[in-house]
Amino acid sequence: MKLGLVALLNRPTTMMVGGLAAGLLTGFSSEYSAALAMAALAILMVASLSELELTGFRAATRRALLAFPASFLCLSGFLLLTGALFPEEFHAGWVLMAAVPSAISVVPFTSVLGGDTRLSLAATVLLYLSALAVTPILTLWLAAQPVDVGLLVQALLLLVVLPLVVSRGLRKLRVSRPQLHLVRNLSFFGLILVLTGANRDTIINDPVVAVGILGACALAVLLSVAVWGTLTRGLSLETGQRRSLLLFSSYKNNGLAGTLAFTLFGAQSALPPVMMGVFEIIWISALLQLFAAPHSAGS
């Protein structure tokens, strides 16, 4: 029984689905929901970043620069286009998804899918550093409603800069990878529980909108992947590099997008990132069936 529970807690997708189910069943919501989402994501970011060794990837930096147009131009563009089909109350959620960098999980996914892990690591570092400027600029430009700039900057410092600093300290303490995975997965559960619970009434009372948003998320990702693949077909890229960049053209940090949307614009605006998280579980499962490999091309 104990081993079964440990195995369950070590599966991120299972914990994400569990958080979604718990949020729908309980409708968890309180005046502290935004603060709880911020805390859960901050812990999640610390645990995720603590696994990354931020050295030894200089040789991959040139190819890693391609992740910027893959994430911030291709995927962001299609997110904004599909998001324009929905009512105004959801608009900020689509904008925040477009404005945030890729998910940190791109790095472990790269390894599982036989991609170039050094390229993904270098690209992740570059995207998160650039996000300190890109995310507030895109949010202020595209949100189409008043934005508390001070709160936005404070949130980015708390959810990106502080976890990066704290994660370096954890690496020196040599916290084990299983312990980091446990903390990460529990944080995933808590974050999705809070964001889903805050949107339970919308999902239950208007499932057509929820399913429509889920379909639009799928459409945005599939269009991004197809267009990115077409645009880069003539480039001299190894198979592992192409798989790495495919992930950047299809994955955003939806936890960050949902938390910022909830904090800055209210609970309903967090629904698009929540539904994108649902689709990404399906998407990574499909990619695993297509590309799963025992080791990465860049390790």
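Pull out a ≥ b ≥ c, the square roots of the eigenvalues of the alpha-carbon gyration tensor of segment 73-191, then state rounded if a/c is under 1.5, prolate if not and a/b is larger than b/c, and oblate in the remaining case.
Verdict is prolate for segment 73-191.
Cα centroid distance between segment 62-135 and segment 179-223, in Å?
Going from one Cα centre to the other spans 17 Å.
What do you get for trypsin sites (Lys or Arg not before Pro) in segment 167-206 restricted to DSSP loop and a cutoff of at most 12 other Cβ within 10 Å of the site's Cβ?
For trypsin sites (Lys or Arg not before Pro) across segment 167-206 that sit outside H, G, I, E and B with at most 12 neighbouring Cβ atoms in 10 Å, the list reads 174.
Suppose only helical runs count, i.e. DSSP H with n ≥ 4. What mean residue ellipticity at 222 nm does that imply for the chain under -39500 (n - 2.57) per run, divided by all residues and rounded to the nearest 500 deg cm²/dmol?
When only DSSP H runs of four or more count, the value is -22500 deg cm²/dmol.
Over segment 2-291, what is the mean sequence separation of C-alpha contacts under 8 Å (at least six apart), divided by residue count, expressed as relative contact order in percent?
37 percent
Pick from 255, 197, 215: which residue has the top mean-square fluctuation in a GNM of the chain where Cα pairs under 10 Å get a spring?
Ranking 255, 197, 215 by mean-square fluctuation puts 215 first.
Here are several values of volume of the Cα convex hull per residue in Å³: (1) 147; (2) 226; (3) 131. Which one was derived from the coordinates shown?
(3)
Quick one: compute the contact order of segment 222-286, relative version, from alpha carbon pairs under 8 angstrom and 6+ residues apart, as a percent.
Averaging sequence separation for qualifying contacts and normalising by length gives 26 percent for segment 222-286.
At a 10 angstrom cut-off on C-beta neighbours, averaged per residue, how do the peptides 258-264, 131-137, 16-22, 148-154 rank from highest to lowest?
258-264, 16-22, 131-137, 148-154
For 285, 120, 167, 48, which order do you get if you count the other beta carbons within 10 Å of each Cβ and list the fewest first?
By the 10 Å Cβ count, ascending, the order reads 285, 167, 48, 120.
Suppose we flag GluC sites (Glu not before Pro) only when DSSP calls them loop and at most 15 other Cβ atoms lie within 10 Å. Which is the longest uninterrupted stretch of the chain?
54-237
Every number in this text was worked out from the coordinates using simple rules, so none of it is lab data. In this text, all values refer to a predicted model and were calculated from it rather than measured experimentally. Note that each Cβ is placed from the backbone with ideal geometry, even for glycine, and that neighbours are counted across all protein chains shown.
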